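Q: Take a look at the following structure, please.
The values are calculated or read from the model by the stated rules, or taken from the named source; none is laboratory data. Here the structure is a predicted model, which is why all the values come from computation and not from measurement. Reconstructed Cβ throughout: ideal geometry from the backbone, glycine too, with neighbour counts over all protein chains shown.
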There are 2 protein chains.
Amino acid sequence: MASKDGFSWTKAQGLKPGVPCIGAIEPPSNLTGTDSRFDVIVVGAGYCGLAAARDASLKVLLLEARDRIGGRSWSSNIDGYPYEMGGTWVYWGQPNVWREIARYGMQDELEISYDFSRGINKYLLAGAQGTQSFSHDEEDAMMASSLSKLANVDGFFGRKAIPFPHSGVLSPEARKYDHMSVADRIAEIKSDLTPNERLGVEAFVLLCSGGTLETTSFYEFLHWWALSGYSYEGCISYLVKYKFRGGQSSFAIRFFGEALSSGNLTYAFSRPVASIKDRGDGVQVTTRDEQTFEAARMISAIPLNVLSDVVFEPPFSPGRKTAAKIGHVNQTIKVHAEISDRDLRSFTGISYPHNGLIYGFGDGETPAGNTHVVAFGGKHNHFHPEDNIDHTIAAFQGFTPMNVERLVFHNWSRDEFAKGAWFFPAPGLLSTYLKDMRARQGNIIFACSDWALGWRSFIDGAIEEGARAAATVQGDLAGRAKI
Amino acid sequence: MASKDGFSWTKAQGLKPGVPCIGAIEPPSNLTGTDSRFDVIVVGAGYCGLAAARDASLKVLLLEARDRIGGRSWSSNIDGYPYEMGGTWVYWGQPNVWREIARYGMQDELEISYDFSRGINKYLLAGAQGTQSFSHDEEDAMMASSLSKLANVDGFFGRKAIPFPHSGVLSPEARKYDHMSVADRIAEIKSDLTPNERLGVEAFVLLCSGGTLETTSFYEFLHWWALSGYSYEGCISYLVKYKFRGGQSSFAIRFFGEALSSGNLTYAFSRPVASIKDRGDGVQVTTRDEQTFEAARMISAIPLNVLSDVVFEPPFSPGRKTAAKIGHVNQTIKVHAEISDRDLRSFTGISYPHNGLIYGFGDGETPAGNTHVVAFGGKHNHFHPEDNIDHTIAAFQGFTPMNVERLVFHNWSRDEFAKGAWFFPAPGLLSTYLKDMRARQGNIIFACSDWALGWRSFIDGAIEEGARAAATVQGDLAGRAKI
């Protein structure tokens, strides 16, 4: 199976759109001519929509614009090796995601991205003035020191400022930090940072936000920090360390398979939704190809940055409308390279502020024995990897010389069903609109990782929201006659 | 509502069995004369059984020996104040429990047990030679140092020895430590411990296991340590810090309420099961009052220490039979005291090795403005709190003089449906029998926190197991005609 999403490039084959994916669903639909009324219609088959569809225990129609499940988290298996096109890492401290991993008995299907036992076992800091080389212990010390300074707003490294990181309530202190950008915070502490610390902390924040320092809410960074246990070591464990040996799609497919086996699931892929109408006694969903479906309730798992592209009637509440118009700022570029330099398996690196790819590291070994390097850029020096392959390869070589044999990536910025990567807010968005984004409107429940309370932006937050939506619909329809 | 479980004592009223509980269910059953065949029978209405019954989405009969939900985790509200009779603390790093808290929107219903802002803000170490007094910072430093020495088997504080604490596989290294007791491990490191560190580390381990140092598997302690993020600070956060403002039963009742609202749940409390017979084509469950019920599948959420008290036919596999005969070692004594000494709200203390209650601390403020102290003992100097109230009060005064006005407790050792507190294994049990305890036999799924993979012994592990059991039964019955 293959998806139209994503790109791969090799010297021999050149640039090719579309990559293999076990999350591309065949047949693309199990609709029959007679299906038109459901208990609930779920729009979006990312983790949020999948969890909602699976957990609703009702007659569900799942509509998805793409040809595959997973939304912003999916993997492509190329020559037996999984490349993660979007959301990748999971951790047992992430409650919703780990609950599912345990439930599917996948606890032993994780592997560690890093392998610090090989070749060039170094941390490379490529600044405008040239490249410095450090041990990973020195890297850890430098990053722990600089991030602790960034987060230490209260003398307790953020513990007092954000004591309950999963809370639904933004405290006055949280709001204060949400109205600051990370650039504002760095201005406060810059005299306390060494040049290398400053380089490291800025690159790390941009790795998280995919925006610029000015458009990155300082609160949201603190929120990630608090969720990760208020330490750099925690950030590594939670954010970039453990991934599925079989790729994300090996996980997502379990949700879809389970939902399907219940006998309650009707689905249609490659079926973008054009408009959604809440008539009071039920919801009408019309696809771009002008099919209309009806249900008592509807769960929208449509991401914030594309929410305005669907016509809702009645229109959005003013808060949701404005939030959708503002959107989030994450324009992460994530590119995989298969390189023949086997010694680079153990490297980590920052290339900043001049380079297009800011953060990179050895992320695995391909079946050919080559090194797999993953690298991240964003709105800072933004580029489209498919537009100029030489430029993309040069951005990898911004870390250190390497011989690129293959590239694999998904351009989230040009993806019409995402218009960006994981949610990251500019200053003020959460303080002002989080409640509005989470609120239901009539028979429509809005569920998305973009406005989860805990691991917002993460797979975990998507499942949190899917579970919330399913429970809401079940609560609504309990005792009523169902379809 | 009240349960027959538990005891309360005041000078005015003396000792009284039974305490108020919002988890005591009225009416005690919704069985009708015509109900006798179900899709699945769940035996045990602790968190495991509740999660299984709720998640199965089938026609379920839930049978419970007690008059209340919650099993070994329940709370009594006395004069508007919740006393936790068993499992108490939860944390957002515990995946299964936090998934439920998020799903029920209870993220802001937690409070912190400690309040280090009051009166006698001290750590009291009452050894055989007298009482020493330290600041809480000194306490943290001493406990962090001593526990790190205990856990540092690999130069990485256990990170190399137990890299995946939720794994289903016990590595050869894990097995090695499982065949050691904590007494064995302390013998290895004793020359590296100061007298106070030794006192602290032994008391802390006994707080975890409720056994003796000789009967406490060193591996299982390491497992707790790894789950808690390999640090003393993590242990405090995960194990004894955050609890429900409304008590555990305010959480458990959500599971029961949801299961009931689905319309699929039939239940009967105060209905202990006598025998369970798997006939191949289904399971017959017979209660002590000689009613028989039938189902396609059965989920046993019966704890290890009382599993042998129910007659199973066909009999247990040899491994399960031996494991049930050996049982676990935790005979924790947990007693609450309401004391008029308001200054003790901020104390923590150890009283060891001479005292009956080993670990105690201020755990809240009652509506009368008094201090609530919770204290723990176990197999070491074991006693039954209800047998001699003067002895029980004297055990509290083993920490520091205090004026006890009320006692509240559940004697888990004499509880015929638990025969002990949370699961804690003696050396060798897990290495030899974990797989056997987890295995299904025919149509019977054995689910219990006692053999969970992750947070085994915890509420989290109970929900992990309940989810596993429900998914197993759903998988079995998918596609079949259900009741």
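Matching residues to (1) more than 14 Å from every other protein chain (Cβ to nearest Cβ); (2) in contact with a Pro (Cβ under 9 Å, 6 or more places away or on another chain); (3) of a type in the set (A, V, I, L, M):
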site	(1), (2), (3)
A:Tyr242	no, no, no
A:Ile276	yes, no, yes
A:Gly280	yes, no, no
A:Glu294	yes, no, no
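Q: Another question about this same structure. When the range B:365-397 is examined, which residues are found to be closer than 19 Å to B:Gly119 by Cβ and in contact with a Ser or Thr (Cβ under 7 Å, 6 or more places away or on another chain)?
A: The answer is B:Glu365, B:Asn370, B:His372.
Q: Return the only residue of B:Val201, B:Val283, B:Val182 being more than 23 Å from B:Pro165 (Cβ to Cβ), buried (at least 23 other Cβ atoms within 10 Å of the Cβ) and not small (Gly, Ala, Ser).
A: Residue meeting the stated conditions: B:Val283.
Q: Find the strands (runs of 3 or more DSSP E) located wholly in the range A:242-306 whose residues include 3 or more that are polar (S, T, N, Q), and list them.
A: Qualifying strands (runs of 3 or more DSSP E): A:283-287.
Q: Taking the range B:110-135 only, how many residues are within 14 Å of chain A (Cβ to nearest Cβ) and out of contact with any Asp or Glu (no Cβ under 7 Å at 6 or more places or on another chain)?
A: So the answer is 7.
Q: Hey, among the residues in the range A:20-43 that are over 19 Å from the mean Cα position of the chain (by Cα) and not in a loop (DSSP other than H, G, I, E, B), which one's farthest from A:Ser75 (Cα to Cα)?
A: The residue in question is A:Arg37.
Condition check ((1) closer than 27 Å to A:Pro385 by Cα; (2) in contact with a helix residue (DSSP H, G or I) (Cβ under 9 Å, 6 or more places away or on another chain); (3) aliphatic (A, V, I, L, M)) across all residues:
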residue: A:Gln284; (1), (2), (3): no, no, no
residue: A:Thr292; (1), (2), (3): no, no, no
residue: A:Val311; (1), (2), (3): no, no, yes
residue: A:Ser317; (1), (2), (3): no, yes, no
residue: A:Ile339; (1), (2), (3): yes, yes, yes
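Q: If you don't mind, another one. Counting just the residues of the range A:95-109 that are facing chain B (nearest Cβ under 7 Å) and surrounded by 18 or more Cβ atoms within 10 Å (Cβ to Cβ), which one comes out nearest to A:Ala467 (Cα to Cα)?
A: A:Asn96
Q: Output the residues belonging to the range B:374-394 that are among the aliphatic types (A, V, I, L, M) and touching a residue at least 60 places away in the same chain (Cβ under 8 Å).
A: B:Val374, B:Ile389
Q: To continue, here is another question. Any residue in the range A:238-264 that is free of Cβ contacts under 8 Å to residues at least 24 places away in the same chain sitting within a Cβ distance under 7 Å of a residue that is surrounded by fewer than 18 Cβ atoms within 10 Å (Cβ to Cβ) and not hydroxyl-bearing (Ser, Thr, Tyr)? List the pairs, counting only those 6 or more apart or interchain.
A: Taking only residues 6 or more apart or on different chains, the pairs are A:Ser261/B:Ala478.
Q: Next up: So how many residues does the range A:44-70 have that are part of a strand (DSSP E or B) and surrounded by fewer than 24 Cβ atoms within 10 Å (Cβ to Cβ)?
A: So the count comes out to 0.
Q: Within the set of pairs 6 or more residues apart or between chains, which connect a residue that is at pLDDT below 95 inside the range B:94-120 to a residue that is aromatic (Phe, Trp, Tyr) with Cβ atoms less than 6 Å apart?
A: Sorted first by the residue in the range B:94-120, then by its partner, the pairs are B:Ile120/B:Phe347.
Q: Got a number for residues in the range B:117-136 being buried (at least 16 other Cβ atoms within 10 Å of the Cβ) and either among the hydroxyl-bearing types (Ser, Thr, Tyr) or outside the structural domain of B:Ile350 (by TED's automatic domain parsing) (or both)?
A: Matching residues across the range B:117-136 total 1.
Q: Continuing with this model, one more query. Filter the range B:431-479 for residues that are of a type in the set (S, T, N, Q), in a helix (DSSP H, G or I) and modelled with pLDDT of 95 or more and give the result.
A: B:Ser431, B:Thr432, B:Ser449, B:Thr472 - these are the residues of the range B:431-479 that are of a type in the set (S, T, N, Q), in a helix (DSSP H, G or I) and modelled with pLDDT of 95 or more.
Q: Could you please find all residues in the range B:244-274 being among the hydrophobic types (A, V, I, L, M, F, W, C), within 14 Å of another protein chain (Cβ to nearest Cβ) and within 25 Å of A:Asp476 (Cα to Cα)?
A: Within the range B:244-274, B:Phe255, B:Ala259, B:Leu260, B:Leu265 qualify.
Q: Now, a different point. I'd like to know if the range A:314-332 contains one or more residues that are at pLDDT 95 or above and part of a strand (DSSP E or B).
A: No: the range A:314-332 contains no residue that is at pLDDT 95 or above and part of a strand (DSSP E or B).
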